[in-house]
1. log10 I(q)/I(0), Debye, Cα-only the stretch A:115-191, no solvent, q = 0.23 Å⁻¹?
2. Mind putting together the pair-distance distribution for chain A? All Cα pairs, 10 Å bins, whole percent per bin, short to long.
3. What is the distance in Å between the Cα centroid of the stretch A:130-165 and that of the stretch A:1-71?
4. Any aspartates and glutamates with Cα under 13 Å of the A:K320 Cα? List them, leaving off those in the same chain fewer than 8 positions away.
5. In Å², and per residue, what accessible area does the stretch A:2-496 have when probed at 1.4 Å with the other protein chains present?
6. At 7 Å along the Cα-to-beta-carbon direction for both A:T273 and A:A198, put a label point, then send me their distance in nm to one decimal.
7. Over all residues in A:161-167, what is the mean tally of Cβ atoms on other chains that come within 10 Å of each residue's Cβ?
8. Rounded to whole Å and sorted largest first, list the principal axis extents of the Cα atoms in the stretch B:1-104.
Amino acid sequence: MDTLLVLPILIPLATAALTLIAARALRIQRALSFAGMASLLITGVVILLHVDEHGIAVAQAGGWAAPYGITLVADRLSALLVTAAGVVGLATTVFTGFSLDRRRERASFYPLLNVLLMGVCGSFLTGDLFNLYVCFEVMLMASFVLLTLGGTRAQLEGGLKYLILNLVSSAIFLTAGGLLYRAVGTLNMADIAEQVAAYPDTGLMDTLAMLFLVAFGLKAAMFPFFFWLPASYHTPPPVVSAVFAGLLSKVGVYALLRTFTMMFTGHLAFTHTVLAVLACATMIAGVLGAVAQMEIRRILSFQIVSSIGFLILGLALMSKIALAGAVFYLLHNIVVKTNLFFLAGVIEKLRGHGDLRRLGGLWRERPVLSVLFLVSALSLAGIPPLSGFWAKLVLLRAGLEGEWYWAIGIAVVVALLTLYSMTKIWALAFWKDAPPNEFAFTGRERDVREKSARRAMLPVVALTVVTVAIGFLAGPIFEMALATAEQLLDPSQYVTAVLGGVS
Amino acid sequence: MESWLAIVVGFMYAAGFFMLLRRSLMKVIIGLSIFTHGANLLLFTAGNVTRVGDGVQLPIVPHGAAALTGAYADPLPQALVLTAIVISFGIQAFALVLVRRAYQAVGSDDLDRMTSTDTEEGALLHELPRRRGSVRGFLPWRRTRAA
């Protein structure tokens, strides 16, 4: 059991090292990265099956008992997210090989991608607050370099904004962790959950909860802290945006889910009301930004912010069905967001830009691409029977059951505006005729770009199949999400698995 | 001792935030550095700052006893501080190089002039100048001639 839980961290680390050794041989790097991501995906599925059968899995590093040693824990949520990370990693590796320019690809792209995945999987699996901080930093360090790789002016500027805000967040996280350690004398999350519940001074715990909210909210791009995301996510090559959109901001949401379902559950009336208000503000701010933009990837960046709002709303409602909706939405969103950024990358490959005012006629020229885009866009907007519809339906039902009518009203309006901004991309880039004097690539340049775009459709098709599958297999997946929510709502399972269980 | 350290930590947070709000990038980075050091010092303080003597023990359970009885300095936060210092050192080194490169690309370290991520429309912001050759001068920590 121990080795199985270490693998999602070990595999990307080993792959990163091997790809670094093979720095001069691009094909070997691609093959290695592909193999690494595929085995990560398989490991994720194995962990998921194991957790499904035997309950929460725990690995104590070096055999040190729980509150003292380093603990890795996989409950259903962690296992699901590691699997999703494997899917995104695999698709990204394939898409990189087909779409990224050689110079960037050669400049240690694959090692960085694998280190990023290591940090992401580590954050999902760790059962220790300080290790969570370390995994965050590993992930951030890789993301800083990925974001600025190539060093164009916009990338450097976007990278700076991203870096500064994330460093502030890390320092606040460290502060909160230090104060919490002083108060309860432990860093093991299961132990913290028990100690916080028994702590006499609830005011102090509320303060700490808010510090964690700020730290993770900055990472997740929650309402007052989201400005760095739309300022940086559209600057790097599309494949980098895709993996950031799919995984990075979701890690912040995961940390919020963990903290506010397990540790700070003593004062729901305060903490979760704050969460609900911020969630609604996040949704509105994100979707209004998306409506105002005229470039594909900028629209999608603001849509990330908006969907973070939906996820946090599910957490704020804090009922079984709401959390299940949030988990379902998380899985759906990881796949769909990555795919939409891939599609934006294909369009930029074909036309050389993603500006809606100068695009057009893609429907006539590329019907397959258009249909694939339509599936993902409608899925994000929540049109039945695609995956986004079920996720939103469940969240809305949870809101009605919890009598959060104002939040539901906002969510419905935001969903409509999401549909509007997606149809805007559809109408302007695909449906309308190409502008008369549109710049077009010619000769060899065009052939190279068309070939690369055709090949890059492979991961797009694969992810679209996954999206459609999530939509049509909504029943079984929702049952899995319900089981996940049950585990989240009952932290005692996690606590006994870590502190009392024999690994 | 602890209250003095707490005051110092508070002062460092205030100074760090003040510097973070400045327009000059260099000052922002210095502010970040002060802020992170404040956090490190806070972690250190959280571990009970005491000296051995006067009933204060080393944090080692004596032979035959089951647990520590008197006051002791907790060694764990000190280990955490070491890790945090190493991490923040690495990231600040990267941040400094990034500032230098951004300064070269923009020609200013004024944050108000770094708006091309918001204002440049339509262009592919990551498109590289068409140039064949090695990777030198291409990684973010190396200088490019064509900027």
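The values are calculated or read from the model by the stated rules, or taken from the named source; none is laboratory data. Predicted, not measured: the structure shown is a model, and the values here were computed from it. Every residue, glycine as well, gets a Cβ built from its backbone with ideal geometry; the counts of neighbours run over all protein chains shown. For accessibility, only protein heavy atoms count, side chains too; no ligands or nucleic acids. Shrake-Rupley method; radii C 1.70, N 1.55, O 1.52, S 1.80 Å.
1. The Cα Debye sum returns log10 ratios of -1.02.
2. Calculated over all Cα pairs of chain A, the distribution is 4, 21, 32, 27, 12, 3, 1, 0 percent.
3. A separation of 23 Å, based on Cα centres.
4. Candidates past the 8-residue exclusion: A:E401, A:E479, A:E486, A:D490.
5. For the stretch A:2-496, the per-residue accessible area is 32 Å².
6. Result: 3.0 nm between the two label points.
7. Mean partner-chain Cβ count within 10 Å for A:161-167: 5.
8. 65, 25, 16
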